[in-house]
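Report on the following structure.
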Amino acid sequence: MHTPQINNNVTSDNGVIDLSHHLSDEARIRVANPLKDIMRVISECPVTDLIPMANGDPHHSFYPFQQIMYEVPSVQDPSDPVTSWNNSGRTQIFHSYRDQECALPISKAFRYSRAAGLVQCKDALTNFSNLIFAPPNHHVMLTFGNSDGLTKVFRLFGQKGDYFLTDEFSYPGITNCPLPYGVKWVGIKMDSGGIIPEELEKVLIRWDEAKLGRRPRILYLVPVGQNPTGSTLSVDRRKKIYAIAQTWDLIIIEDDPYYFLRYDVPQTNCASADPDEFIKNFTSTLIPTFLSMDVDGRVIRLDTFSKVLAPGMRLGWITSNKLFHLKLGEYTDSSTQPPHAFGQMFVTEMLSEHGWKIEGFCRWLRSLRLEYQNRLDFLLDVFQREVEPTGYASVKRPEAGMFVWIEVFFEKHPRFVHERCSGGSPVVARTNTECLLKELFETLMNVQGVAFVPASMFTIPENALWVESDGHVPLGDRTRFLRATFASTEDIIEKGMIRLGKGLREFFQE
Amino acid sequence: MVFLPSTASATSAVDVGLKRSHVDYSRYLSAEARSRLPNPIKSIWKVAQVKPGTINMGNGDPHHTLYPICEVNFVVPSIDEHDPVQSWRSGTGEQNIISSYKDEPCALSLRTAFAYGAGAGLKDVRDALADLNDRIHSPPNHTVSLSLGNADALTKCFRLLGDPGDSFLCEEFTFSAMTNAALPLGIEWVPIRMDNNGLVPSDLERILSNWDEAKQGKRPHVLYTIPCSQNPTGSTLSLERRQQIYQIAHDWDIIILEDDPYFFLQYDLGVSQSTIQQYGHTRAMAEVLPRSFLSMDYDGRVMRLDSFSKIVAPGMRLGWVTSNSYFADKLDMLTDSSSQHPHGMGQAFVAELLGSNGWGVDGFMKWILSLCNEYQRRRDLFMDVFRQKVATSGFATAEVPQSGMFVWIKINLEHHARFSASQTPTVPGGPTTNTADLMDELFRKLLNNGLVMMPASTFAIADRTGMMGSHINDRVNFFRATFVGTDETIRNGLATFGRTLEEFFL
């Protein structure tokens, strides 16, 4: 077992650690634009005003768009744009023009672009990123959202036989993605505060390369409003995890779609009309990201507009060190190409002088956070009224995100089975918790007419080879939760909780 | 996934259903595609939708009341103009406003467009494109999935069909940005000879029948072709060649990737005005457009890639893939495991454009016909100036392209004093002429004189099989030129070209 040097306090000059050894074979083989040589020769040509007869790009005069107008909420009202929006409040129009000045003109937006995306949109998001996250030395690349970004990042690092590390309860919509090409997952133990750093370290120390192959080097996290448990990693845990990443040479993939939906934070003084003051107050309510502490360049951060604008926006961005940025750009050029003009235009105008500006977008975000917090409060109230009194389930208030993680006390069920454990594999379940959970899920759906997602859909299979035996409770015995969302309407939440309460009673008192 | 295969039109084959039900398409798939599972959370969503009245607390989707866009207006050309493209470009035409709403009726509500959806794309848009497919190609029995454009679709098809070590067939000059994209996946390319009319079917047959699996690995099972305005040679495959190629594909069990972004830019069509008046633009165009591989695909072995890039704009990042429903399903699983469904604004725009408040399908085909006329005008200008400024010297020749954006200019190097046709190859099977060197020299000379054209070497696929008999570098005496720029660009560019050729040869 290899125990590397502890080097918690590495400070690299501007993050020039060579991390190229993390790249997959595919990423290593991939070359930049095959026209690169030609492009180089062309760019080195001293002649200015070259007559272009090389590219098959439709001339912009053929684009059938003269103007695009988007009607959006006005964020001038300082207190609550989200509520105003739903009460016929004032609106604002963003414009994309062909013939007039705007932040990203139509003639430029609809062209073929390369790699990281259109410079105007990239710059707008870089400014935003710098202001909010203050990354030490990173570059921004546009994506079609975090699923797109993540699957590109996975291909960048993963190949057959590799293991990736993540939370023991994880969103399979993402973790299933690299399985077909032979990447497997190691689930790390969590508590209500998220992934447990000491457990992560134990797995790394214990890892037997002779039996399992190369020690995992990729750590995938959703550090705010984790899906499905709703947990948020504290600053202290983040520092510990980063130190572990430095010691064990891990890449941290920071997937953060719920970053701005964090609750119970001191309210930004919204009456402040001064934009800079508002932004300063707003950012003070945000939790420091892994990106912001990334002196080594080993963090790849993924941001998306899906939860703060709309899922169908299909736009996000990746912030990473220069090498990974270039490699991701190469991969984008070899696959999806950079994102659509519509999304890039909208976001660029939104952040521009004629739009909401960064300050206005932050007002929207703040207002959105309050709105979701109201819904969370509502759900917890109804839960307290309809479910808690049954004594069969409880829920902790999540710090962030869109989900509550409802714990069900299956040990109270008449058919709960507990076998005494004496030796045997540390990962085989000793109770029928998971079976009862699936039964409950089905009866809730088919009999009561309410759909939750059972914890069993999120579990990463355990392997005895990396789990320590002493005192370990198998994951199967801890799979006793239902994930519920509070992102819907009050009517749905109320009905859902009532049906849950009724369903629990009927299930436990069969 | 909820798909609707394209509705059978009157002209579709009747016996196709029976034949197809016995075909097992899974053998074409990569190991990766075979093992891929659908998104399990979406399966809960589907079940929840099946039973009416189910309260869905499963999915963390933002509610539409929180989408900060309630209306999007697109100011587009009016399709009522006689020549819409001409009027648009000269600024003399009328405009139309196409609108998408969140809370008011329209073709595709923003409530739907801005929500999460299935990888295949929204039904309204798929149906509209399936309808267009039906009217143009009458595909026997296929399904439409949306893509983010042809680069996205094609590279997904590579993942779908190719395992490391596989050999795929392509035209010997091809869109190398895409063939390069396949290399890190471990796919190797086997080039097929071309002549003035494109891919040579007998060479395709020769490669397949001479293939030795013991020495060369698995016989190729995929053909990548750009049948219209082939990139870079600009040729368009004749109906006869397409039929021959399809037969060969049938005999050797090959999947055809029909990459067709220039399909709707066709010239010398002879569209019938009376058909337009009686039946509309779509029927009139359908009668004269080339027969696609899709239209003859009774085996279900064609995956056809269409794109809005050249007929609307590259930044649309939207296209559609038409294939048998099995491949469509597997493709959508890959999409659900990666880029996800296409962006709402693009889908909303297409739905409105093709809907009754927009141009409609006929109006869209009218725009396309207008585009064809405009590009044809430029093609004609290019060929005229070429004849005057270049061809007269005899140093270069070019065929008139029937579609698309490219002219494949042949440089007659045999006239050059330093041309050598009898060099000893430095490696076995290597080039026996100094074509590549002379072309490099000419390219740099053109650059110094202020003109950029793409040299053939950029697009050349070298043969690794040793079966071709001649090295492609002996045949790279071409430039790919485009005529999509302004009239001035065409005139100045070709004048420079002609002048430079004279300097080079004399």
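The values are calculated or read from the model by the stated rules, or taken from the named source; none is laboratory data. The structure presented is a predicted model; accordingly, all values stated were derived computationally and were not measured. Methodologically, a virtual Cβ is constructed for each residue, glycine included, from the backbone with ideal geometry; neighbour enumeration extends over all protein chains shown. To get the accessible areas, we keep the full protein, side chains included, count just its heavy atoms, and leave off ligands, DNA and RNA. Shrake-Rupley method; radii C 1.70, N 1.55, O 1.52, S 1.80 Å.
What number of residues within the stretch A:73-119 are assigned to a loop (DSSP other than H, G, I, E, B), among the hydroxyl-bearing types (Ser, Thr, Tyr) and within 11 Å of chain B (Cβ to nearest Cβ)?
Counting residues in the stretch A:73-119 that are assigned to a loop (DSSP other than H, G, I, E, B), among the hydroxyl-bearing types (Ser, Thr, Tyr) and within 11 Å of chain B (Cβ to nearest Cβ) gives 4.
Can you tell me how many residues within the stretch A:406-442 are of a type in the set (S, T, N, Q) and open to solvent by less than 40 Å² (accessible area, probe 1.4 Å)?
Of the residues in that region, 3 qualify.
Suppose the filter is touching a Ser or Thr at 6+ places or on another chain (Cβ under 6 Å) and either closer than 24 Å to B:ILE311 by Cα or crowded, with 18+ Cβ neighbours inside 10 Å (or both); does B:GLU71 pass it?
So B:GLU71 does not fit the description; no.
List, please: which pairs have Cβ atoms under 6 Å, are six or more places apart or on different chains, and start with a residue in the stretch A:446-475 that is free of Cβ contacts under 8 Å to residues at least 12 places away in the same chain and end with one that is assigned to a helix (DSSP H, G or I)?
Short answer, once both residue conditions are applied: A:ALA451/A:MET445; A:ALA451/B:ALA48.
Residue by residue through the stretch B:487-505, note down the ones that are surrounded by fewer than 17 Cβ atoms within 10 Å (Cβ to Cβ) and out of contact with any helix residue (DSSP H, G or I) (no Cβ under 9 Å at 6 or more places or on another chain).
Within the stretch B:487-505, B:GLU488 is the sole residue that qualifies.
I want to confirm something. Restricting to the stretch B:348-357 and keeping residues that are facing chain A (nearest Cβ under 10 Å) and aliphatic (A, V, I, L, M), which single residue is farthest from B:ASP297 (Cα to Cα)?
As a first pass, look at the stretch B:348-357 and keep what is facing chain A (nearest Cβ under 10 Å): B:348-349, B:353.
Filter once more, keeping what is aliphatic (A, V, I, L, M): B:348, B:353.
Values: B:ALA348: 30, B:LEU353: 29 Å.
My answer is B:ALA348.
Limited to the stretch B:222-255, what total is found for residues that are of a type outside the set (Val, Ile, Thr) and open to solvent by less than 20 Å² (accessible area, probe 1.4 Å)?
Here the count works out to 13.
Might you let me know whether the stretch B:389-410 holds any residue that is over 30 Å from B:THR435 (Cβ atoms), at pLDDT 95 or above, of a type outside the set (Asp, Glu) and under 21 Å from the mean Cα position of the chain (by Cα)?
The answer is no; no qualifying residue exists.
How about the stretch B:34-50: which of its residues are basic (Lys, Arg), modelled with pLDDT under 90 and either open to solvent by 40 Å² or more (accessible area, probe 1.4 Å) or not in a helix (DSSP H, G or I) (or both)?
Selection gives B:LYS46 alone.
Could you check the stretch A:359-379 and list, in sequence order, the residues that are crowded, with 20+ Cβ neighbours inside 10 Å and among the polar types (S, T, N, Q)?
Correct list: A:SER367 only.
Output yes when any residue across the stretch A:298-312 is within 14 Å of chain B (Cβ to nearest Cβ), aromatic (Phe, Trp, Tyr) and over 19 Å from the mean Cα position of the chain (by Cα), and no when none is.
No: the stretch A:298-312 contains no residue that is within 14 Å of chain B (Cβ to nearest Cβ), aromatic (Phe, Trp, Tyr) and over 19 Å from the mean Cα position of the chain (by Cα).
Which of the residues belonging to the stretch B:317-347 are at the interface with chain A (Cβ under 7 Å from one of its Cβ atoms), of a type in the set (Ser, Thr, Tyr) and open to solvent by 10 Å² or more (accessible area, probe 1.4 Å)?
Answer for the stretch B:317-347, where residues must be at the interface with chain A (Cβ under 7 Å from one of its Cβ atoms), of a type in the set (Ser, Thr, Tyr) and open to solvent by 10 Å² or more (accessible area, probe 1.4 Å): B:SER337, B:SER338.
Using the structure shown, decide if A:ASP249 is at pLDDT 95 or above, of a type outside the set (Phe, Trp, Tyr), in the same structural domain as A:ARG301 (by TED's automatic domain parsing) and within 22 Å of A:LEU23 (Cα to Cα).
yes
Taking A:GLN67 and the conditions (1) in contact (Cβ under 8 Å) with a residue 60 or more places away in the chain; (2) at the interface with chain B (Cβ under 8 Å from one of its Cβ atoms), which numbered condition does it fall short on, given that it satisfies the others?
Just one mismatch for A:GLN67, condition (1).
Determine which single condition B:ALA31 fails, assuming it passes every other condition in (1) within 10 Å of another protein chain (Cβ to nearest Cβ); (2) in contact (Cβ under 8 Å) with a residue 40 or more places away in the chain; (3) within 26 Å of B:MET345 (Cβ to Cβ); (4) open to solvent by less than 60 Å² (accessible area, probe 1.4 Å).
Here B:ALA31 meets the rest and fails (3).
Looking at the stretch A:91-120, I want the residues that are without any contact (Cβ under 8 Å) to a residue 60 or more places away in the chain and have a partner that is open to solvent by 30 Å² or more (accessible area, probe 1.4 Å) and not aromatic (Phe, Trp, Tyr) with Cβ atoms under 6 Å, at least 6 apart or on another chain. Which pairs are those?
Correct list of pairs: A:THR91/A:GLU71; A:ILE93/A:MET69; A:ILE93/A:GLU71; A:TYR97/A:GLN67; A:ARG98/A:GLN66; A:SER107/A:HIS60; A:SER107/A:ARG98.
Can you tell me how many residues in the stretch A:165-180 are part of a loop (DSSP other than H, G, I, E, B), touching a residue at least 24 places away in the same chain (Cβ under 8 Å) and either in the same structural domain as A:VAL427 (by TED's automatic domain parsing) or touching a helix residue (DSSP H, G or I) at 6+ places or on another chain (Cβ under 8 Å) (or both)?
4
Conditions first: (1) facing another protein chain (nearest Cβ under 10 Å); (2) out of contact with any strand residue (DSSP E or B) (no Cβ under 7 Å at 6 or more places or on another chain); (3) among the small types (Gly, Ala, Ser). B:ALA107 passes all but one, so which condition is the exception?
The failed condition is (1).
Any residue in the stretch A:492-503 that is open to solvent by 10 Å² or more (accessible area, probe 1.4 Å), hydrophobic (A, V, I, L, M, F, W, C) and within 11 Å of chain B (Cβ to nearest Cβ)?
Yes, the stretch A:492-503 has at least one match.
Of all residues in the stretch B:140-193 being hydroxyl-bearing (Ser, Thr, Tyr), farther than 18 Å from B:LEU204 by Cβ and more than 14 Å from the chain's Cα centre (by Cα), which is surrounded by the fewest Cβ atoms within 10 Å (Cβ to Cβ)?
So the residue we want is B:THR143.
If I go through the stretch B:241-269 residue by residue, how many of them are of a type in the set (D, E, K, R), touching a Pro at 6+ places or on another chain (Cβ under 9 Å) and not in a loop (DSSP other than H, G, I, E, B)?
4
Restricting the search to the stretch A:398-432, which residues are part of a helix (DSSP H, G or I) and either in the same structural domain as A:ASP264 (by TED's automatic domain parsing) or within 23 Å of A:GLY496 (Cα to Cα) (or both)?
If the condition is that a residue be part of a helix (DSSP H, G or I) and either in the same structural domain as A:ASP264 (by TED's automatic domain parsing) or within 23 Å of A:GLY496 (Cα to Cα) (or both), then A:PHE410, A:LYS412 are the ones that fit.
Please count how many residues of the stretch A:454-475 are modelled with pLDDT of 95 or more and of a type in the set (Val, Ile, Thr).
Counting residues in the stretch A:454-475 that are modelled with pLDDT of 95 or more and of a type in the set (Val, Ile, Thr) gives 2.
Which condition does A:HIS60 not pass, out of (1) at pLDDT below 95; (2) under 18 Å from B:PRO68 (Cβ atoms); (3) of a type outside the set (Asp, Glu), if it passes all the others?
With respect to (1) at pLDDT below 95; (2) under 18 Å from B:PRO68 (Cβ atoms); (3) of a type outside the set (Asp, Glu), A:HIS60 is out only on (2).
For the stretch B:441-451, name all the residues that are open to solvent by 10 Å² or more (accessible area, probe 1.4 Å), facing chain A (nearest Cβ under 7 Å) and not in a helix (DSSP H, G or I).
Within the stretch B:441-451, none qualify.
Do we find a residue being without any contact (Cβ under 8 Å) to a residue 24 or more places away in the chain, open to solvent by less than 10 Å² (accessible area, probe 1.4 Å) and either touching a Phe, Trp or Tyr at 6+ places or on another chain (Cβ under 9 Å) or outside any loop (DSSP other than H, G, I, E, B) (or both) anywhere in the stretch A:181-192?
Scanning the stretch A:181-192, I find at least one residue that is without any contact (Cβ under 8 Å) to a residue 24 or more places away in the chain, open to solvent by less than 10 Å² (accessible area, probe 1.4 Å) and either touching a Phe, Trp or Tyr at 6+ places or on another chain (Cβ under 9 Å) or outside any loop (DSSP other than H, G, I, E, B) (or both), so the answer is yes.
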